[in-house]
Amino acid sequence: MKKMNYLIVIALTLFGVSCSKQDSSENDELKSIDYRARTFEQTESQEIFVIDLQQYHTINQISILEHTKKELEEKIEGGNENLLPELEAVIKKLLERYNSLENTLDTTCLLLKLRYEELSSKVSEGNQDALDELLRIKQDLENCGINVDNYLFEIFKGSPIIYAASWGSKCSPGKEWKCKNSMREGRLLINVEERLAQDTEVQFKSADGRVISTGILLGKHNDLKGMFQIEIELSQISEGILEVSTEAEKIPIPIEIL
């Protein structure tokens, strides 16, 4: 490999000697264009909502509890009635999570409607870049108001999930809740309701719990009323945990960095 790299260097050197001043000028211009493109890629932001992460986390918890419930029911049917109190505790937690998911979906649908109105205004003003997101949100809005039980059935069957913003979550069909959550390296903007912003902390951690970066509260969202933004840097590792801490709970989301 070193020999091949050495030959490439020689070839490029000879090529450089034979180039005219005009070629050199063109190369400089290309380098400048390439630099600007890479700088844009590095500074381009990705955007998600805390409510998206809560939705993912709640569904994940429901999946685990449903699996535990099924195992306990089978053991009780086999004669181990001592597990009845444990089953009751699991069912109670499930009901809490179902209620939480219903509230999360209601909030998600409200945010989608606000985002849809904002994008509709941009498209009407001639901003065609907003059209793709507008069409996606229109599709998501069709699932708003769906019964939570039916919603979960569709999810575990492998149907798309309602998110207020697309953040690269790819979920496999089947009874288990298995997802691959992908985000780009660099700047991540996290949208949170204004009333919750001061009590929301975001950290990016390694798998062993080492804190790599901590979110900074930027202030009000430029477009969405009632929303604040937290900025955090995703870098250094290819896989980690995006952890959002609120007054109510900690939400750890495993992600891979592209």
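Here are some notes:
- Checked against (1) surrounded by 13 or more Cβ atoms within 10 Å (Cβ to Cβ); (2) out of contact with any strand residue (DSSP E or B) (no Cβ under 8 Å at 6 or more places or on another chain); (3) at pLDDT 90 or above, Gly215 passes all but condition (2).
- Residues of the stretch 180-208 satisfying the condition of being among the charged types (D, E, K, R), modelled with pLDDT under 95, assigned to a strand (DSSP E or B) and more than 16 Å from Gln54 (Cβ to Cβ): Lys180, Arg187
- Residue identified as of a type in the set (Lys, Arg), under 27 Å from Leu196 (Cβ atoms) and open to solvent by less than 50 Å² (accessible area, probe 1.4 Å) among Arg136, Arg97, Arg115: Arg115
- Number of the exception - Val244 against (1) open to solvent by 50 Å² or more (accessible area, probe 1.4 Å); (2) under 17 Å from the mean Cα position of the chain (by Cα); (3) within 24 Å of Thr107 (Cα to Cα); (4) modelled with pLDDT of 95 or more: (1)
- Residue list for the stretch 56-85, restricted to those being of a type in the set (Asp, Glu) and either surrounded by 15 or more Cβ atoms within 10 Å (Cβ to Cβ) or touching a residue at least 60 places away in the same chain (Cβ under 8 Å) (or both): Glu66
- Lys225 vs. criteria in contact (Cβ under 8 Å) with a residue 24 or more places away in the chain and over 18 Å from the mean Cα position of the chain (by Cα): yes
- Counting the residues of the stretch 106-161 that are of a type in the set (Ser, Thr, Tyr) and touching a residue at least 24 places away in the same chain (Cβ under 8 Å) gives 4.
The values are calculated or read from the model by the stated rules, or taken from the named source; none is laboratory data. Treat the numbers as computed from the prediction; the structure is a model and nothing was measured. Glycine gets a Cβ as well: all are built from the backbone with ideal geometry, and neighbour counts include every protein chain shown. For the accessible areas, the whole protein counts, side chains as well, though only heavy atoms, and no ligand, DNA or RNA atoms are used. Shrake-Rupley method; radii C 1.70, N 1.55, O 1.52, S 1.80 Å.
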